[in-house]
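Below is one structure; the comments refer to it alone.
The values are calculated or read from the model by the stated rules, or taken from the named source; none is laboratory data. Please read all numbers here as calculations on a predicted model, not as lab measurements. For neighbour counting, all protein chains shown are included, and Cβ atoms are generated from backbone atoms with ideal geometry for every residue, glycine included. Accessible surface is based on the protein model in full, side chains and every heavy atom, while ligands, DNA and RNA are left aside. Shrake-Rupley method; radii C 1.70, N 1.55, O 1.52, S 1.80 Å.
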Amino acid sequence: MRPPVLRVLGVSKSFGGAAALRNVSVEFRPGEVHALMGMNGAGKSTLVQIISGALNPDEGLLEVDGHTQNHLTPRRARRVGISCVPQRRELVMTLTVAENIMLGDLPASGSMVRWNRVRATAQRALTDLGIAIDADAVAGDLTVAEQTMVEVAREVRRGGRVLILDEPTACLGPEAAAQIRELVLRLRDNGVAIVFISHHISEVLHLADRITVLRDGQVTWAGLAKETDEKGLVRDMVGRDVVSRRPVRPAGSPDVGISIRRLCDGRFLDRFDVDVRRGEIVAVLGPAGDAQSRLFDLLSGRRRPDSGTVSIGGRAVRPGRIAHSLASGLRCVTGDRRRLGLIPGLTIDENVLLAQDRLEGRRLHRWGRLAERAAPLRDDYRVVSLVRNPPVEQLSGGNQQKVLLAKWLGTAPSAVLLEDPTNGVDVAAMAEIHSLVDGLTGQGVAVLLASSSAEEVMRLADRVVVVRDGRRIAEYQVDRITRDELLAATLGGAL
Amino acid sequence: MTSPSTLAKPKPAASPLARLRSIPHLGLLAVLIAIVIFASVRTDAFLNPNNLINVARQVSVVAVIAAGLTLLMVAGGMDFSMGGNVAVTTAVAAQMLSHGWSTAVTLAVSIALSIAVGLVNGAVVTFTRVAPFVATLATATLLDGVALLVIDGMSISIDDHLSTLGNGKTLGLPNLTFVAALVLAVTAFVMRYTTFGRDAFAIGGNEDVARLSGINVVRDKLLLYGLAGALSGLAGIMLLSRLAASSPGTGGLQLQLTAVAAVVIGGTSLAGGKGTIGGTILGVLLLGVVANVLNLLQISSYYQQISVGAVLLVAAVANLMQSRGKH
Ligand SMILES: Nc1ncnc2c1ncn2[C@@H]1O[C@H](COP(=O)(O)OP(=O)(O)OP(=O)(O)O)[C@@H](O)[C@H]1O
Ligand SMILES: [Mg+2]
């Protein structure tokens, strides 16, 4: 076995007096994919930030090639060969893909940037990884999946012996996720030490050579991937077994909750039709960046479609008007929580009640009652934080997602659009969110699920509409199709 | 899953240092106290009641502008034309009073005018998406010119028309200070307890999310700029009542920059989403006291500018150090 390139020895880290990591030790070896697993808030991102120099540990040591590294900074980490794709996308949204990839390393002659070289090198970095993205595109125009790919390409191009990927597949469709995994394996075979974080257990079991499980900031299990299985991992992460099974759902009512007719929007949607009855969950599944990622903009009223109608409970909704969309009883939960979901500087309680207070037309706020009113929602959605009510920017990614769901689903909706609702959420929370969504149907809510995950569709939906290039290409009853058939349908066109 | 309550451990007893750190605006407060102590040691004139009352009167006008600006900046907006708005208001009001219009009509017209200016700013910023900085800098220049036009470049005296407001005292404190205190108190209340105020924080934090959450962003922004205009008008009347005349250079960019500086020193973020009236009050006081002390010590105006700049820097850094120290 090759000696570890990076060792973490007895590292502890606290935020505001509460421990996020306690005496954690891990070793990362070249040519190995090392997965970090754990529930939301277990400390995975904190550990990764310490390794990449973004945070300094309170106690403990880091060793690179046997040399102790004191006061690692991001710059120094990069110099010793540690590169990191953080959980939050960190592209400069106003620059082009090429500029982002070459940032901090622009080829220049004298003091003049050589733009041809920038473009060419960046485009090569992308094509080498099999990524079909135009290097001249502006980063802000890309889908989240594409942005992830660009970040990976940037870090890979810079080279390095340790590559950290913090939930790279969290919001990717099956195709893009498979691409990332292939890439990871290729880099591993070239001798790179990969640190891989994911909440998808099957993904980790297939990909990882070695796994370290964290719970409440402590290592609860470490070993080779082949020494454990799904059940064991869940137990180490959660401390108990988690079951999430499709409940038997009574047939939905005949009333149509959401009805979309001949919706057109540029290249994303082409005469798209779907009906969702009350108490029914219908999924729209397609590659990330396709039709289903446009539904949020169109249904929420953020964007006016080229043509077509949307009706909620039989009443047509004026297109392109947020107020009308909300008044119809439709609630749209975005898959892009940072940009369109939460206000990072406001506290959990304020974010949770942001929409509800406005919908109720509340004029005055009593701060003493805020916590009281938010408490039931925080409990239902199991929002976990180290301090009582921090700004949401300090929450772990999965907990932010729970705040987002609580914010919208707590407003007594009559119809809901959910875009990748368990994006970045741990197994236990995922099971809970799934049963909350099941609960919605029990209350007669029509649920439209825009998803890029076949697993989630199989678990939640009654029917699934498969889209490709903006058109519906097939529709299935979920209980009459297997996951593999569904995947084949999304990837290869109609069966 | 572990229940949230077991994870949210009570904080360990805060050390005295940590407790000190949690006092809001500690850095700013320390700088202010240091200057007050320095001033009272160096010159007896500083703690003289007449001088303190004079300072209170001077800062009142800036405080009213700064209050409106704080709320606007929290919502991610900016208005550089408030000083220009003040200049126009004083000019128009002075002309009207000196031409024999009644005080009531004059007040109504000039405040209405300043609200209109604010709404125009708001409309430009909201509907054309020109950056607030650019749009209001343009109106600022325009308004300064209009003000000069209205008074024809001369000094227009209003005799003792507004002297109750400008020079009157209640319970030993200047009436102007009561007006400013009322404005600050109402703004603080609005920011903390009303949906309108909370909307401002949401809009400044992330405008897209605010809109999607059902906040009427367009209406709120128009209201915020209109309010900034209205408070500029009020500040204009206050300034006119104190000076008893409108002359070229009354209000304008100098006043504007003082207000912006006070708000920013007080910890309101230029990017929006963060800010408090408490911080703004300290910022206004700090700038007012520094200007007064420099005058009392008869320091040459060159050094005055340098010292004001230095105090600004120190206060800004002190503020930032404190907010960093929290993590
Ligand atoms: N800057 C910070 N200030 C305060 N608390 C923080 C900060 N960063 C992280 N935390 C807290 O530390 C804990 C660990 O967070 P971390 O982001 O490492 O979790 P994670 O394992 O990556 O979770 P997820 O799977 O949800 O991404 C969380 O409870 C989080 O709220
Ligand atoms: Mg994380």
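In the stretch A:413-457, of all residues being among the charged types (D, E, K, R), open to solvent by 10 Å² or more (accessible area, probe 1.4 Å) and within 14 Å of chain B (Cβ to nearest Cβ), the one that is nearest to ligand 2 (Cβ to nearest atom) corresponds to A:432.
So which of A:20, A:98 is touching a helix residue (DSSP H, G or I) at 6+ places or on another chain (Cβ under 7 Å), assigned to a strand (DSSP E or B) and either more than 16 Å from ligand 2 (Cβ to nearest atom) or within 14 Å of chain B (Cβ to nearest Cβ) (or both)? Within the list A:20, A:98, the selection yields A:20.
Do we have residue B:184 as out of contact with any Lys or Arg (no Cβ under 7 Å at 6 or more places or on another chain), open to solvent by 40 Å² or more (accessible area, probe 1.4 Å), more than 7 Å from chain A (Cβ to nearest Cβ) and not hydroxyl-bearing (Ser, Thr, Tyr) here? In short, no. What do you reckon, is residue A:387 within 14 Å of ligand 1 (Cβ to nearest atom), touching a strand residue (DSSP E or B) at 6+ places or on another chain (Cβ under 8 Å), within 9 Å of chain B (Cβ to nearest Cβ) and not basic (Lys, Arg)? Here the answer is yes, as residue A:387 does meet what is asked. Taken together, the criteria exclude residue A:35 from residues that are open to solvent by 10 Å² or more (accessible area, probe 1.4 Å), in contact (Cβ under 8 Å) with a residue 40 or more places away in the chain, not in a loop (DSSP other than H, G, I, E, B) and not assigned by TED's automatic domain parsing to the domain that holds residue A:428.
One line per residue, one yes/no per condition, for (1) over 21 Å from the mean Cα position of the chain (by Cα); (2) outside any loop (DSSP other than H, G, I, E, B); (3) at the interface with chain B (Cβ under 10 Å from one of its Cβ atoms); (4) of a type in the set (Val, Ile, Thr):
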{"position": "A:344", "(1), (2), (3), (4)": "no, no, yes, no"}
{"position": "A:355", "(1), (2), (3), (4)": "yes, yes, yes, no"}
{"position": "A:358", "(1), (2), (3), (4)": "yes, yes, yes, no"}
{"position": "A:361", "(1), (2), (3), (4)": "yes, no, yes, no"}
{"position": "A:368", "(1), (2), (3), (4)": "yes, yes, no, no"}
{"position": "A:378", "(1), (2), (3), (4)": "no, yes, yes, no"}
{"position": "A:401", "(1), (2), (3), (4)": "no, yes, no, no"}
{"position": "A:406", "(1), (2), (3), (4)": "no, yes, no, no"}
{"position": "A:411", "(1), (2), (3), (4)": "yes, no, yes, yes"}
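There is no residue in the stretch A:458-481 that is open to solvent by 30 Å² or more (accessible area, probe 1.4 Å) and small (Gly, Ala, Ser).
Among the residues of the stretch B:207-217, is any under 22 Å from the mean Cα position of the chain (by Cα), in contact (Cβ under 8 Å) with a residue 40 or more places away in the chain and more than 7 Å from every other protein chain (Cβ to nearest Cβ)? Within the stretch B:207-217 (the criterion being under 22 Å from the mean Cα position of the chain (by Cα), in contact (Cβ under 8 Å) with a residue 40 or more places away in the chain and more than 7 Å from every other protein chain (Cβ to nearest Cβ)), the answer is no, since none of the residues qualifies.
The combined condition, being closer than 22 Å to residue B:281 by Cα and more than 20 Å from the chain's Cα centre (by Cα), is fulfilled by residue B:171.
For every residue, the table says whether it meets (1) over 26 Å from the mean Cα position of the chain (by Cα); (2) within 16 Å of ligand 2 (Cβ to nearest atom).
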{"site": "A:41", "(1), (2)": "no, yes"}
{"site": "A:48", "(1), (2)": "no, yes"}
{"site": "A:65", "(1), (2)": "yes, no"}
{"site": "A:69", "(1), (2)": "yes, no"}
{"site": "A:75", "(1), (2)": "yes, no"}
{"site": "A:78", "(1), (2)": "no, no"}
{"site": "A:92", "(1), (2)": "no, no"}
{"site": "A:106", "(1), (2)": "yes, no"}
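The one condition from (1) surrounded by fewer than 20 Cβ atoms within 10 Å (Cβ to Cβ); (2) more than 19 Å from residue B:218 (Cβ to Cβ) that residue B:106 does not meet is (1). Could you tell me whether the stretch A:74-90 includes any residue that is in a loop (DSSP other than H, G, I, E, B) and more than 16 Å from ligand 1 (Cβ to nearest atom)? Taking every residue of the stretch A:74-90 in turn, at least one turns out to be in a loop (DSSP other than H, G, I, E, B) and more than 16 Å from ligand 1 (Cβ to nearest atom). Of all positions in the stretch A:146-155, none carries a residue that is in contact with a Cys (Cβ under 7 Å, 6 or more places away or on another chain) and within 16 Å of ligand 2 (Cβ to nearest atom).
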